[in-house]
């Protein structure tokens, strides 16, 4: 592609920022750095794009952790709003990048963008709709229907679903500063670390932590299956790198649905219903690039 046609994407996550240029998975060039402060991360992102593309991109997509304001009519459009990350609260990430790079900017949640990328190129490219859930520093969820991300009053906040807290076997009160024992407060990476006294990735596959984690995630997935009714559910994020989780979650979801939804996806086809992302750690930044490409082409 010509230099003037270059498309950029930024995935602003809770622990890392990914910047990339390209048109899709086959030509993606990216760089990753830790999430610190807005000033430092914006400086790093601007430097990456200027080094790679010269003075101007055709368009930029930003896929950000949230909550974020996606309403173009709002005075706080383009802002990260009530995030627990204090340095980033009420930060105008769209305005900062648009001003620095003089470029049109598409804006979306990191998980909606990941869902869009998986629908376009990855684990959901053969279905019309999907839900993407990332389980890591926080828990987020994106919903895509026929190639478009679902928005409403805000955007899906799957991480703050209330799931049954198994208090008799799990006295941990939850770690969410807003809700305590919501899904994120019970099942995110930081929640697991606080409950068990060590990072989730250091727990062996036989540790009881994983059965409890699967219980909470399966409860959320069963709720989403009954409410959103997606054709596929994709589970990504650092916590999901524990291979033992997928079979446990699938088994528990089938048990929770209990034959009520008489579809093969919720029985013998469960392995193809609840799946890992095909694009791996690049789902978010590729979703941002996808949105930037649509903006540049007027789509």
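Each reported figure results from applying straightforward, stated rules to the coordinates on display, with no laboratory input. Not measured: the values here are computed from a predicted model. Cβ atoms come from the backbone with ideal geometry, glycine included; neighbour counts cover every protein chain shown.
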Find how much the distance from residue 170 to residue 148 grows on full extension, using 0.36 nm per residue of separation minus their present alpha carbon separation; answer in nm with one decimal. 4.1 nm
If I build a Gaussian network model for the chain, linking alpha-carbon pairs within less than 10 angstrom, which residue out of 202, 64, 30 has the largest mean-square fluctuation? 202
One finds, for residue 82 and residue 267 with R0 = 45 angstrom and r their Cβ-Cβ distance, a FRET efficiency to the nearest 0.05 of 0.70
Rounded to the nearest 10 degrees, the helix 283-297 long axis (Cα) sits at an angle to the longest Cα principal axis of the chain of 40
Percent of beta bridges antiparallel (DSSP, the chain, rounded to nearest 5): 60
Expected max-MSF residue from 134, 206, 32 in the GNM of the chain (alpha carbon, under 10 Å) is 206
If I take R0 = 25 Å and measure r between the Cβ atoms of residue 50 and residue 125 in this structure, what FRET efficiency does the formula 1/(1 + (r/R0)^6) give, to the nearest 0.05? 0.15
Pairs of alpha-carbon atoms within less than 8 angstrom and 6+ residues apart define the contacts here; what relative contact order does the stretch 123-276 have, in percent? 25
How high is the FRET efficiency between residue 36 and residue 255 when r is their beta carbon distance and R₀ equals 41 Å, given to the nearest 0.05? 0.45
List the relative contact order of the chain as a percent without decimals, with contacts defined as Cα pairs under 8 Å and 6+ residues apart. 22
Would you mind telling me which residue in 159, 259, 174 has the biggest mean-square fluctuation in a Gaussian network model of the chain, where springs connect alpha carbons within a distance under 10 angstrom? 259
Quick check: the distance between the Cα centres of the stretch 8-44 and the stretch 244-299, to the nearest angstrom? 23
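Using alpha carbon coordinates only, what is the Rg to Rh ratio of the stretch 153-299, with Rh defined as the Kirkwood radius?
Value, to two decimals: 1.00.
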